[in-house]
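Presented below is the structure to which this report refers.
The values are calculated or read from the model by the stated rules, or taken from the named source; none is laboratory data. Bear in mind that the values here come from a model prediction, so they are computed numbers and not experimental data. Quick reminder, even Gly has a Cβ in these numbers, built from the backbone with ideal geometry, and neighbours come from all protein chains shown. Please note that ligands, DNA and RNA were not included when accessible areas were found on the heavy atoms of the full protein model with its side chains. Shrake-Rupley method; radii C 1.70, N 1.55, O 1.52, S 1.80 Å.
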Amino acid sequence: MKSMYKKRILICIDWYEPGFKAGGPIRSVANIVSALKDDFEFYILTSAYDLGETEPYPDVIVNEWFDQDGLFLKYLDKKLLSQGAIKRNILEIAPDVIYLNSLFSKNFTLFPLMTARRNGIKVVLAPRGMLGAGALELKKGKKKSFLLVSKILGVYKKVKWHASTQEELEEIKTVFGKKANVTIAQNIPVGQKLKLETILDTKRTGNVRFIFVSRIAVKKNLHLAIMALKQVKLNIPCTFDIYGNIEDEDYWNTFKDEITKEGMLEISYKGVVSPSQLPEIYANADYLVLPTKHENYGHAIVEAWSNGCPVIISRNTPWKNLNVQNLGWDVDLKNFDNLVNALQEAVDLDFTSYVAQCTASYNYFRDVISDAEVIEANRKLFADEN
């Protein structure tokens, strides 16, 4: 029986916990559910597989709804990844709102949209950065054709869009017009697990520890980080540890031979890590390096700050003017030397100034990013009637 007091929200997403290889969207949804579970009745309809896997999650109930501490989940195996099965599940739950987390997913966006339109169910859609210029450049022809047809058919006509930033709001309106119904609600971050004093105790002089934490795909520009680091003049040992799922093997193969030890620079691939391991990884690093082509939010960036780790990133994210705020550097990738120069500055920075960066990063997360207003904005996504 539907609760008299809570709206019923059905979240459709291709991958969800315990999966983590798809990165940001999983974290975004898990954080929303964690923060708002007392306000709404959440149901999650997802696949039984992590990104790139062919075997279902071990120890997860498949093809049945089950209650996990007040959150209702259903993991579909390949037999039920069909339009008919998706429709049956939606009608069974009879949600007040369907929350979608992709623009192009057939099973978990397009099929639910069809059912929602035919049954008068409200839809909130988070494009998760897929409308950014950098993201649209990848597989440009297919995406352009899809968006053109979808606009002609009015596929997204009555959707309420969830933008994580003002920049993403503008991206949505650029593609779908000024009349698009868009609400800004910044992604809810994971809370800080380590104290600043504990983090600062891990910092030391005598070497520099860079890390990359993200999916390994063209969009993330890992090869550019490697090329730039090899141009930096080192007088102390430097490590660059790479963490992330190899999503694009062809891309990986173009530069994997560069992952070696040369002189004072040692580059290593550390594999895939679970979210629970990340706080310690960030705390033990000196800088996150992510010269991405586009991020609508950038969970890796925010989580680095939450653990006192400054960042060296591109300007293709919402986070700007970092050097002024003592949070690291955001660089214009139109000039490759900008990235090299930022890395060189990081290597040459004195220890006292570096500790100030760590402290500023930690405090920025605590005081600016982790804000009660962020949670309230997300609550209004589902609570508001428009």
Neighbours by Cβ (under 9 Å, 6+ apart or cross-chain): first from segment 328-344, assigned to a helix (DSSP H, G or I); second open to solvent by 20 Å² or more (accessible area, probe 1.4 Å) and among the aliphatic types (A, V, I, L, M): Phe336/Leu224; Phe336/Met227; Leu339/Leu224; Leu339/Met227; Leu339/Leu333; Val340/Met227
How many of the residues making up segment 45-93 are more than 30 Å from Asp384 (Cα to Cα), open to solvent by less than 50 Å² (accessible area, probe 1.4 Å) and hydroxyl-bearing (Ser, Thr, Tyr)? 3
Per the filter on segment 1-25, residues closer than 17 Å to Met130 by Cα and modelled with pLDDT under 90 are Ala22, Gly23, Gly24, Pro25
Of the conditions (1) within 26 Å of Gln277 (Cα to Cα); (2) open to solvent by 40 Å² or more (accessible area, probe 1.4 Å); (3) in contact (Cβ under 8 Å) with a residue 40 or more places away in the chain, Val29 clears all except one; give me its number. (2)
I'd like the residue in segment 193-242 that is of a type in the set (Ser, Thr, Tyr) and not in a loop (DSSP other than H, G, I, E, B) and, out of all such residues, is surrounded by the most Cβ atoms within 10 Å (Cβ to Cβ). Thr239
For segment 2-78, please list each of the strands (runs of 3 or more DSSP E) lying entirely inside it that holds at least 2 residues being in contact with a strand residue (DSSP E or B) (Cβ under 6 Å, 6 or more places away or on another chain) and closer than 24 Å to Val190 by Cβ. 7-12, 40-47, 71-76
Going through segment 331-350 in order, the residues found to be within 21 Å of Asn221 (Cα to Cα) and either basic (Lys, Arg) or open to solvent by 20 Å² or more (accessible area, probe 1.4 Å) (or both) are Asp332, Leu333, Lys334, Asn335, Phe336, Asp337, Asn338, Asn341, Gln344, Glu345
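Please work out if Asp96 is in contact (Cβ under 8 Å) with a residue 24 or more places away in the chain, open to solvent by less than 60 Å² (accessible area, probe 1.4 Å) and of a type in the set (D, E, K, R). Steps first, answer last, please.
Details: in contact (Cβ under 8 Å) with a residue 24 or more places away in the chain: yes; open to solvent by less than 60 Å² (accessible area, probe 1.4 Å): yes; of a type in the set (D, E, K, R): yes.
For Asp96, the condition - in contact (Cβ under 8 Å) with a residue 24 or more places away in the chain, open to solvent by less than 60 Å² (accessible area, probe 1.4 Å) and of a type in the set (D, E, K, R) - is met.
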Going through segment 243-280 one residue at a time, which ones are assigned to a helix (DSSP H, G or I), within 29 Å of Leu194 (Cα to Cα) and open to solvent by less than 30 Å² (accessible area, probe 1.4 Å)? Leu278, Pro279
If we scan segment 149-156, do we find a residue that is closer than 29 Å to Val218 by Cα and either touching a His at 6+ places or on another chain (Cβ under 6 Å) or at pLDDT 90 or above (or both)? no
